[in-house]
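First comes the structure, then the notes that go with it.
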Amino acid sequence: MSAMWWRLVPAYASGYFLSYALRNVNAVISPELTASFALSDAQLGLLTSAYFLGFGLFQLPLGVLLDRFGPRRVEQALLLVAAAGCALFASAQAWPQLVLARTAVGLGVSACLMASFKAFSQWFHVDRLPALNANIMVAGGLGALSASVPVAWLLPVLGWRGIFWLFALLLALSALGLSRVPEKPATAVPHWREQWQVLVGIYRSPVFWRYAPQGMVIAGGMMAVQGLWLVPWLMAVEEFSRAQAAQIASYTALAMLAGHTFIATASPKLAQWGWSAMRLLRVGVGLGLLAELGLITQTLPPAWAWACFGLFFSATNVAYSQLSRAFDASWSGRVNTALNLVVFVGAFSLQWGLGGLSEWWQAWGQSPAQALVYSLGLLWLAQCATYVWFIRPEAKKAQ
C-alpha cells in the first residue's frame, strides 16, 4: 500500500464507520425509544428514517461543495454538525426533538462516503477506485457491526442517552483527525451556474437512470431494513429475544463486512479472470434478492438468510464507481452524490413506509408478525422490478 493510502483511507474510514453505526443503532435501541416516548411503528419509522432525510436532502449541494472546496474541509465541518446532532438526541425530552436531532445527524454525516470517493478520484487512478471505495465500505461494515451486539452490551451501562453522548465525542475526534489529510486544490473552479448545469446534465443522462431505480429501491431498501426493521422482524416473526436478534444483526453486519472486504481485495484479480466490477454488481444483487426471498418465505434458517442478505447486497456499492466511469472525472463529486440522493430518498421513504404499511396491515386484522412479512414481500417485488430494469439489454447498450 502506498503512503497516500495510509494518509487518506484511515482518516475517511473513521467518519464512515461512525456514519454507519449511527445509521443502524436505532435497530437495537428501538425498544427503549418506543418505551420512553410511547412511539407507534410509524413514529419509530419516521424517527429513524429522519437520518436518511437529512442525509439525502444535502446530497445535491454536497456534490457541488465537494467539487468546489474539496472533500476534507467539507467533511470536517459536517462532522461537527453530526456531533451537535448526537448531543441534541442524547438530551431530547420529546419525540419532535428526537426527529430534529436525527435529521441533523444525517445531514452531518452526509459527506462521509462521498468525500472519500471524491478524494480517491483525485489521488488515484480510476482502475483502483472499486477496491479503494470498498475499503471505505469495510469501515461501514465494521460500523454496522458495532451497532449490534456492542450496543446491546453498552445499553445497561450507559443507557441510550449515554451512547449518543459517546457518539458526539467520537465524531468530534474524527473531524480533528481529518486535519492531517492532504487536500488537492482544484486546477480551475467553474462558476456556480456551470456546476449546477453539470448536475442537471447528470440527471438527464440515460446512463444515470439505468442505476437510479435500483439504487433507490434495492440499496435504499437494504438500508431501511438493516437500519431499523431487522431486529423488530426477528423479534416478531422469528420470536427471538432482543439479545438473539442483536446477535443475528451482527451476523448481517459481519457478512456485509466480508463482502466489502472481498471486493476491496479481490476485484483486481477477478478483473484479470474476466469478472468485471459490473458483473460483480449484477450477480451480487441477484443473489441478494434470492436470499431476501428465503427470509421472507422462511425457507432459509434466519441466521443464514440474514447473513446472505448482508453479504450479497454489499455489492450494491459497486454502482458508484461504475456510474462515475461514464462521466468526466472532475464531475465525480456530483455524480456520486446524484446517485446517493436517490438511494437515501429511497431509504427514508421505505424505512418510514414499512412502518406505516405494517400498521395498515394490522388495521386490517393481521398480526404484527404477518404485517411485517407482507410489507417486506411488497418491497421485494419492487426490488425485483428495478433489478430487471437494470439488467435489461437496452440498459447495457446505453453505457
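The values are calculated or read from the model by the stated rules, or taken from the named source; none is laboratory data. It should be emphasised that the depicted structure is a prediction, and the values quoted were computed from it without experimental measurement. No Cβ is skipped: glycine too gets one built from the backbone with ideal geometry, and neighbour counts run over all protein chains shown. The accessibility values were calculated without ligands, DNA or RNA, using every heavy atom of the protein model including side chains. Shrake-Rupley method; radii C 1.70, N 1.55, O 1.52, S 1.80 Å.
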Where is the GNM fluctuation largest for the chain (alpha-carbon springs, 10 angstrom cutoff): 159, 221, 140? 159
Over the range 344-396, with a single point scatterer placed on each C-alpha, what log10 of the ratio I(q)/I(0) does the Debye formula yield at q = 0.17 1/Å? -0.60
Expressed as a whole-number percentage, the relative contact order of the chain with C-alpha contacts under 8 angstrom and at least six residues apart is 28
Output ³J(HN,Hα) for the range 302-318: one whole-Hz value per residue in order, computed from phi by the Karplus curve 6.51 cos²θ - 1.76 cosθ + 1.60 with θ = phi - 60°, and x for Gly and Pro. x, 4, 5, 4, 6, 5, 5, 4, x, 5, 6, 6, 4, 5, 4, 6, 4
Could you give the alpha-carbon Rg of the range 41-95 over 2.2 N^0.38 Å, rounded to two decimals? 1.37
Accessible area (Å², per residue) of the range 259-399, counting only protein heavy atoms and a probe of 1.4 Å: 43
Quick one: grab Rg to one decimal and Dmax as a whole number for the range 210-298, Cα atoms only, in Å. 15.2, 46
Return the inverse of the average 1/r over all pairs of distinct C-alpha atoms in the range 1-117, which is the Kirkwood hydrodynamic radius, in Å to one decimal. 14.9
Under Karplus coefficients 6.51, -1.76 and 1.60, residue-wise ³J(HN,Hα) of the range 67-77 in Hz, glycine/proline x: 6, 8, 10, x, x, 5, 5, 5, 5, 4, 4
Surface share of carbon and sulfur [accessible, 1.4 angstrom probe, percent] for the chain: 68
Okay, helix-only estimate at 222 nm for the chain: each DSSP H run of n ≥ 4 adds -39500 (n - 2.57), divide by all residues, round to 500 deg cm²/dmol; what do you get? -27000 deg cm²/dmol
In order through the range 371-380: 3J(HN,Hα) via Karplus (6.51 cos²θ - 1.76 cosθ + 1.60), integer Hz, x for Gly, Pro: 4, 5, 4, 4, 5, 5, x, 5, 4, 4
Share of Cα-Cα pairs in the range 247-323 lying beyond 16 Å, as whole percent: 49
Alpha carbons only, please: Rg and Dmax for the range 270-399, in angstrom. 17.2, 55
Heavy atoms of residue 7: accessible area, 1.4 Å probe, square angstrom to 10: 120
Whose amide H sits under 5 Å from the amide H of residue 148, counting only residues 5 or more places off or on another chain, with H placed in the peptide plane? none
Convex hull per residue volume in Å³, alpha carbons only, for the range 165-265: 219
Suppose the Debye formula is applied to equal point scatterers at every Cα of the range 285-344; what is log10 I(q)/I(0) at q = 0.17, 0.21, 0.27, 0.30 Å⁻¹? -0.64, -0.76, -0.98, -1.10
I need the calculated FRET efficiency for the pair residue 247 and residue 183, taking r as the beta carbon distance and R₀ as 35 Å, to the nearest 0.05. 0.25
Taking Cα atoms only, Rg over Rh for the chain with Rh from the Kirkwood formula is 0.95
